[in-house]
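Visitor: Following this message is one structure expressed as structure tokens.
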Amino acid sequence: MHLRRLVILGALFACGQATALGEHARSAETPKATKLAATAATASASAAPVVPAPLARGPLDNTAALRRFFQALAKVDDGSATADVRIVQFGDSHTAADMMTGTARRALQARFGDGGRGFLELGRPWRTYWQDGLRGPGMTRSFHSEQGKLDHGRFVGDGCYGLGGVCLVTSARDARAWTEIVAPTSRIEVDYWTQPVGGSFDLVVDGASVLTIKTRATTPASAFQSVVVPDGPHKVEVRTHGDGEVRVFGVNLDRDRNGVVYDALGINGARAATTLEWNEPHMAEQLRHQAPDLVVLAYGTNESADTESIDAISRQLVAALGRVARAVPTASCLLLGPPDRAVRTPDDNPYGDAGTFWATSPRIEQIVAAERAIAGAAGCAFYDQLAAMGGPGTIAAWAEAEPPRARPDRTHLTRDGYAMLGNAFANDLMAAYAAWRVEHGLPPKDPQGPVPAPKGPPEEVAAPQTTSSTSAPFTATPL
């Protein structure tokens, strides 16, 4: 990713060129064009068998932008890695559901190794919060979640809400927030906020206090402390002492082996503009601590229901990309286009059936085109989820399928639908990586097949850095 490209791109949008870019991208790429390109590549390979044929990339564009990500995968693949390959994905309710990302995570970890579950919120930052690899999250009423609030049309708050953009806050004594980690874990790192009025809390693992953390400090900053635990499932909890305000961002779950770690950082109702309401230095210190090899921005669904112009939405996405580039300039970047979304239309809708007529929102197609253009100009890869699903009209058909692959709102998918998208995304990433290995003279590696969707609760439609680490062996002191 190159900051200069983002500066130029921002200037283009400021001069009103976003629509032109978007129209060019839309006319240049369609599902039919993708199939024709794949057919042409196969024919070319047959005519010249001495040249290795690139593996199909599906709806994945500009794979050259994933070079650093692929280099990190190659180190894990070839046994020379000294760190995990980390993917950090910011997004809306599709990401928050962790079904598409959960399936992709499982597929990538099956192929490259399980480096750990990654970042999770503690407790329930919202009622329907759930992520693959955990169960039974909860918290006492004395904890409340904070992610910035709208007051008379303006956001209020300091914008320091942690990596996921939402945190738990309390000043009460014996406030508790917990979750049961099903995914195997051998290192637990708690991510929190230090401040002049900070209080203390205990990190409790499997019912025993393993660490007491004091958050009082002269300068507000992010802080991190970790403990080593036996590899396996664990119950993780924080309990406050009531001697000041405690702000907990979440936990990072790691393993004692290198592999893929995939953080799904979604917020229901989020837009790319949501990231612009966060404190940028704070967001940067959180991202730098994660040290991602790939950052994914997955927005567009909520924007498709807004009345803002495509130019305004594009400027917000460019600004969000700029924040990522400034924070982690060596990471690869990828824009994940929104999946299909249908809206009610008149009776002549060609996608209609049995008296109910739905068609793909024109705004979805416009946003997909704009995001493709932005990704190309910014030096990022682009993944077209609309094309991966089958193109416009797909979600209307998926909602009527048996079993259904889309929810009745024709916006969210079912677990089966998200699993299909997650497998497609992971397989296309792995195919592009395999082609990259061939292009660089590395021995080929075979990707794994599809993996099942992650299991979870019944589905609901979701509307300067201070680092402290303790790596001592796990010891338990009962409370």
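The values are calculated or read from the model by the stated rules, or taken from the named source; none is laboratory data. Computed from a predicted model, the values in this text were never measured in an experiment. Counting neighbours? That spans all protein chains shown, and the Cβs are built from the backbone with ideal geometry, glycine included.
Visitor: What are the residues in region 362-404 that are part of a loop (DSSP other than H, G, I, E, B), touching a Cys at 6+ places or on another chain (Cβ under 9 Å) and surrounded by 24 or more Cβ atoms within 10 Å (Cβ to Cβ), if any?
Guide: Of everything in region 362-404, just one residue is part of a loop (DSSP other than H, G, I, E, B), touching a Cys at 6+ places or on another chain (Cβ under 9 Å) and surrounded by 24 or more Cβ atoms within 10 Å (Cβ to Cβ), namely CYS380.
Visitor: Something else about it: Inside region 120-143, can you point out the residues that are modelled with pLDDT of 95 or more, more than 10 Å from ALA177 (Cβ to Cβ) and either of a type in the set (Val, Ile, Thr) or surrounded by fewer than 22 Cβ atoms within 10 Å (Cβ to Cβ) (or both)?
Guide: Selection gives ARG141 alone.
Visitor: Looking at region 248-287 only, could you name the residues that are charged (D, E, K, R) and under 16 Å from the mean Cα position of the chain (by Cα)?
Guide: ASP263, ARG271
Visitor: Another one. What number of residues within region 82-137 satisfy the criterion of being assigned to a helix (DSSP H, G or I) and polar (S, T, N, Q)?
Guide: So the count comes out to 5.
Visitor: Quick check, is GLY300 crowded, with 24+ Cβ neighbours inside 10 Å and at positive phi?
Guide: yes
Visitor: If you don't mind, another one. Taking the condition closer than 30 Å to SER171 by Cβ, surrounded by fewer than 21 Cβ atoms within 10 Å (Cβ to Cβ) and of a type in the set (S, T, N, Q), does ASN268 pass?
Guide: yes
Visitor: I need the full set of residues from region 307-329 which are over 16 Å from ARG288 (Cβ atoms) and among the β-branched types (Val, Ile, Thr), in order please.
Guide: Selection gives THR307, ILE310, ILE313, VAL318.
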